[in-house]
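S.K.: Pasting a structure below so you can have a look.
The values are calculated or read from the model by the stated rules, or taken from the named source; none is laboratory data. The structure displayed is predicted, hence computed values, not measured ones. With ideal geometry, Cβ positions are generated from the backbone for all residues, glycine too; neighbour counts draw on all protein chains shown. Calculation scope for accessible area: heavy atoms of the full protein, side chains included, ligands and nucleic acids excluded. Shrake-Rupley method; radii C 1.70, N 1.55, O 1.52, S 1.80 Å.
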Amino acid sequence: LEAMDRQSTDRIQPDEEEMNRRLLAAARFMRFSANFSLNTTRKVLEVAGGMNGFQTVDASTAADIGGNKASFFFFMVYQIEADEALVLEFDLPPARYWGLSLGNVWFGGLDYSYHQSSLNAHQAVLDRDGKFRAVIAMTDPGVPNWIDPVDTPLGIVLMRVYHGQGTPAGTAKKVPLARAREHMPPDTATVTPEQRHAILERRKRASLRRYGF
């Protein structure tokens with residue numbers, strides 16, 4: 001990193017007082033982050049009745065969550081084994097934007113440049129009935145809306161809906177991975193390994209362009 005706005009008289013090494021202030025600020029941030037993650041996860045599990053169930057939050061009427069008041073959130077703590085899958089189904093009213101992403105239990109995002117760990121309204125494939133169905137699985141089940149947990153069997157699902165015209169609804173069902181397609185519409189397309197590779201290549205290039213690569 002280069003300090004582009006440094007003046008010739010500016011100090012590069014902070015003195016003891018400034019370093020102490022920065023260390024204390026870093027410690028406060030770590031405590032806040034840990035407490036936020038633990039408390040939010042605990043609340044989601046309590047409201048949803050355990051793992052693999054959604055807690056829904058209408059931010060337009062909730063004054064204490066610090067979210068965008070034009071949004072609606074689905075939170076879920078997911079847990080799957082290598083031979084399991086979570087089939088998600090969302091009945092989404094018209095909205096300006098929506099997106100689903102996975103994270104770890106500390107609310108850190110999973111890699112989204114090289115893995116399809118998220119999908120938004122422009123990337124997802126909707127079914128004929130207008131619903132969004134997706135499969136979270138450790139290995140590719142060959143469906144268009146595969147959500148890759150990137151070797152993270154325990155984590156967070158976050159669905160955001162912005163400026164939606166109505167109240168969305170979402171469900172999750174844990175099934176054997178080998179039978180995941182049985183819980184999707186019969187006309188769900190099959191994505192081949194070659195097609196998936198092409199999808200991920202386009203995703204990688206689009207993501208890295210944001211950072212000038």
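S.K.: Kindly list the number of the only condition in (1) open to solvent by 40 Å² or more (accessible area, probe 1.4 Å); (2) in contact (Cβ under 8 Å) with a residue 12 or more places away in the chain that fails for residue 12.
M.R.: (2)
S.K.: Quick one: in segment 143-165, which of the residues that are hydrophobic (A, V, I, L, M, F, W, C) and assigned to a strand (DSSP E or B) is farthest from residue 98 (Cα to Cα)?
M.R.: Restricting to residues being hydrophobic (A, V, I, L, M, F, W, C) and assigned to a strand (DSSP E or B), the top hit is 154.
S.K.: Which residues, counting only those in segment 42-54, are in contact with a strand residue (DSSP E or B) (Cβ under 6 Å, 6 or more places away or on another chain) and of a type outside the set (A, V, I, L, M, F, W, C)?
M.R.: Selection gives 52 alone.
S.K.: Yes or no: segment 28-38 includes at least one residue that is closer than 28 Å to residue 169 by Cβ, in contact (Cβ under 8 Å) with a residue 12 or more places away in the chain and open to solvent by less than 80 Å² (accessible area, probe 1.4 Å).
M.R.: Yes, that holds for at least one residue.
S.K.: Taking residue 186 as the residue in question, decide whether it is exposed (fewer than 11 other Cβ atoms within 10 Å of the Cβ), over 17 Å from residue 114 (Cβ atoms) and not aliphatic (A, V, I, L, M). Steps first, please.
M.R.: Values: exposed (fewer than 11 other Cβ atoms within 10 Å of the Cβ): yes; over 17 Å from residue 114 (Cβ atoms): yes; not aliphatic (A, V, I, L, M): yes.
Yes.
S.K.: Can you report the number of residues in segment 81-122 which are more than 16 Å from residue 158 (Cα to Cα) and either modelled with pLDDT of 95 or more or touching a helix residue (DSSP H, G or I) at 6+ places or on another chain (Cβ under 9 Å) (or both)? Give the steps one after another, and end with the answer.
M.R.: Within segment 81-122, the subset more than 16 Å from residue 158 (Cα to Cα) is 81-85, 93-96, 113-115, 122.
The next check asks that each one be either modelled with pLDDT of 95 or more or touching a helix residue (DSSP H, G or I) at 6+ places or on another chain (Cβ under 9 Å) (or both); those that pass are 81-85, 113-115.
So the answer is 8.
S.K.: Here is a follow-up. Report those strands (runs of 3 or more DSSP E) wholly inside segment 56-142 carrying at least 1 residues which are open to solvent by 70 Å² or more (accessible area, probe 1.4 Å) and not aromatic (Phe, Trp, Tyr).
M.R.: Of the strands (runs of 3 or more DSSP E) lying wholly inside segment 56-142, those with at least 1 residues that are open to solvent by 70 Å² or more (accessible area, probe 1.4 Å) and not aromatic (Phe, Trp, Tyr) span 71-79, 84-91.
S.K.: Only one of (1) free of Cβ contacts under 8 Å to residues at least 12 places away in the same chain; (2) closer than 26 Å to residue 42 by Cα is not met by residue 73, so which one is it?
M.R.: (1)
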